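The values are calculated or read from the model by the stated rules, or taken from the named source; none is laboratory data. Everything numeric here is computed off the predicted structure, so don't read it as measured data. Using ideal geometry, Cβ is built from the backbone for each residue, glycine included, and neighbour counts are taken over all protein chains shown. We work out accessible area using only protein heavy atoms, side chains counted, and drop any ligands, DNA or RNA first. Shrake-Rupley method; radii C 1.70, N 1.55, O 1.52, S 1.80 Å.
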Amino acid sequence: MSWRIIVDPIACVGQRGCADLFPERITLDDWNFPIVDPKAFERALLKHARRAVDACPTLALRIEQVERG
C-alpha cells in the first residue's frame, strides 16, 4: 500500500511548517507555499506525512491512499 500527500491551494496560507515536517515530499516556492511531490510514498514515511497534516493550521493538507496496479 502507498500514499500521497495532497495540498488544497485555496486553504493554504503559506505557514511553511509542512515542509519542515515532511521535507521528503514537500518543498517551498519563493512565497513559502508548498510544492508537493506527487509520487506515492511507502509506510516508512507515513508517520512523517501524518505529522505534517496534523500540524497544518488551515487543514490544507490531506493524505490519500494510492492503489497499486
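Rounded to the nearest 10 degrees, what's the angle between the helix 43-55 long axis and the longest principal axis of the chain, both from Cα atoms, 0 to 90?
That helix lies at roughly 30 degrees to the long axis.
Computing the accessible area with a 1.4 Å probe over protein heavy atoms, can you report the carbon and sulfur percentage for the chain?
53
Taking the Cα centre of the chain as the origin and placing charges on Cβ (Lys, Arg +1; Asp, Glu -1), which of L28, P57, A40 is farthest toward the positive end of the dipole?
Sorting the options by dipole projection puts first A40.
For a quick check of your reading of the filter: which trypsin sites (Lys or Arg not before Pro) in segment 5-69 sit in a DSSP loop and have no more than 11 other Cβ atoms within 10 Å?
Sites meeting the loop and neighbour criteria: K39, R68.
For the chain, compute Rg over Rh where Rg is the Cα radius of gyration and Rh is the Kirkwood radius from the inverse mean 1/r over Cα pairs.
Ratio of gyration radius to Kirkwood radius for the chain: 0.95.
Mind listing which chymotrypsin sites (Phe, Trp or Tyr not before Pro) in the chain are in a DSSP loop and have 14 or fewer other Cβ atoms within 10 Å?
W31
Over the chain, with the other protein chains present, what is the accessible area per residue in square angstrom, probe 1.4 angstrom?
67
Need the full-extension length gain, L59 to D20, defined as separation in residues times 0.36 nm minus the C-alpha distance. One decimal, nm.
Gain on extension, L59 to D20, equals 12.4 nm.
Can you give the helix-only mean residue ellipticity at 222 nm for the chain, where every DSSP H stretch with n ≥ 4 adds -39500 (n - 2.57) and the sum goes over all residues, rounded to the nearest 500 deg cm²/dmol?
The helix-only estimate for the chain comes to -7500 deg cm²/dmol at 222 nm.
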